[in-house]
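Report on the following structure.
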Amino acid sequence: MAPIVELLVLTAFAGAAIPIGGFLASWEHIHSDWLRSEFRHLVIAFGGGALFSAIALVLIPEGTRHLPVWESVAAFAAGGVGFWLLQVLLNRSKSSASQLVAMLSDFIPEVIALGATIAAGGAGAVLLASIIALQNLPEGFNSYRELRHGGLPKRRILIWFTVAAMLGPLLGVLGFWMLADQLRLLGWMQVFAAAGIMYLVFEDVAPQAKLKNSSLPALGAVLGFLLGLVGKLLER
C-alpha cells in the first residue's frame with residue numbers, strides 16, 4: 001500500500017471511532033438501571049485501559065527513542081502541567097464540553113504523530129491507529145453523554161463529532177509532510193501527549209469508572225489494555 005493511501009485509511013479509521021462512539025451512546029436503550037450503570041462504567045473503564053496501552057506500548061517507547069533522557073523528562077513534565085492547566089481553565093469556564101476538549105487534546109497530537117510515523121516507515125503505524133480508535137470509541141461515547149446532559153441537541157453533537165473525525169486525515173497529512181524528518185519534535189509531541197493522557201485518565205476517566213459495590217468496571221480497564229497488548233504482540 002502506498003504511504004499516502006495508508007495514511008488516509010489509518011487516520012480516517014482512527015477518527016471515525018469518535019462519531020461511532022457518539023452513535024452508540026445515542027442508541028443506548030438499556031431498560032435495567034443496574035445494567036445500564038454497569039455498561040456505562042464498563043465503557044469508561046475500557047477507555048482508560050486503551051489510553052494506558054497507548055502510553056505504555058506506543059507513545060513512550062517511540063517518543064523517548066528520539067530524545068535524550070533530560071528532554072524526555074522535560075516533555076513528560078510539560079505534558080502533565082499543560083493538561084492540568086487545561087483542566088483548570090475548563091473547570092473555571094463551567095463548560096459542558098470538557099470531555100470533548102479532552103478527547104481532542106490527545107487525539108490531535110496522536111494523529112499528527114501517526115502521519116509522521118507512516119512517513120518515516122515506522123512499523124507501529126497500524127498499532128497506533130488501532131489504539132487511537134480504541135480510545136476514541138469510549139471517549140466519543142462519554143463525550144456524547146456529557147454534551148447531551150449539558151443540553152445540546154443530538155444532531156449538533158453528532159455533526160461536531162463527524163467534523164472532529166475529518167480532522168484525522170488533515171492532521172495526519174500535516175504530520176506526514178512536516179514531521180517525518182523532525183524526529184526530536186515528534187518525540188516531544190509523543191511524550192507530551194503521553195503525560196497528558198495519563199493526567200486525563202486519573203482526573204476524568206478513573207473517577208467515573210468507579211462504581212460502588214461492583215468490580216466489573218476495573219475489569220474493563222484490564223481488557224482495554226489487553227487489546228493494545230495483543231496488537232503489540234502480533235507485530236513480533
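The values are calculated or read from the model by the stated rules, or taken from the named source; none is laboratory data. These numbers come from a predicted model, not from an experiment. Methodologically, a virtual Cβ is constructed for each residue, glycine included, from the backbone with ideal geometry; neighbour enumeration extends over all protein chains shown. Please note that ligands, DNA and RNA were not included when accessible areas were found on the heavy atoms of the full protein model with its side chains. Shrake-Rupley method; radii C 1.70, N 1.55, O 1.52, S 1.80 Å.
Tabulated values for the structure
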quantity: Residues satisfying the stated conditions in region 57-82, i.e. hydrophobic (A, V, I, L, M, F, W, C) and either touching a residue at least 24 places away in the same chain (Cβ under 8 Å) or touching a helix residue (DSSP H, G or I) at 6+ places or on another chain (Cβ under 6 Å) (or both); calculated: 57, 58, 59, 60, 67, 75, 76, 77, 78
quantity: Selection within region 84-99 - at pLDDT below 75 and charged (D, E, K, R); calculated: 94
quantity: Evaluation of residue 111 against (1) modelled with pLDDT of 85 or more; (2) β-branched (Val, Ile, Thr); (3) not in a helix (DSSP H, G or I) (one fails), failing number; calculated: (3)
quantity: Residue in region 204-225 that is modelled with pLDDT of 75 or more and either part of a helix (DSSP H, G or I) or touching a Gly at 6+ places or on another chain (Cβ under 8 Å) (or both) present; calculated: no
quantity: Counted residues, region 52-78 - those being open to solvent by less than 20 Å² (accessible area, probe 1.4 Å) and either within 20 Å of the chain's Cα centre (by Cα) or under 15 Å from residue 124 (Cα atoms) (or both); calculated: 7
quantity: Failed condition for residue 67, given (1) modelled with pLDDT under 85; (2) assigned to a loop (DSSP other than H, G, I, E, B); calculated: (1)
quantity: Residue among 191, 173, 163, 126 that is out of contact with any His (no Cβ under 6 Å at 6 or more places or on another chain), within 22 Å of residue 87 (Cβ to Cβ) and in a helix (DSSP H, G or I); calculated: 191
quantity: Yes/no for residue 81 being at pLDDT 80 or above, open to solvent by 10 Å² or more (accessible area, probe 1.4 Å) and part of a helix (DSSP H, G or I); calculated: yes
quantity: Residue match in region 139-153 (condition: among the small types (Gly, Ala, Ser), more than 13 Å from residue 6 (Cβ to Cβ) and open to solvent by 40 Å² or more (accessible area, probe 1.4 Å)); calculated: yes
quantity: Hits in region 41-51 (condition: open to solvent by 10 Å² or more (accessible area, probe 1.4 Å) and not hydrophobic (A, V, I, L, M, F, W, C)); calculated: 41
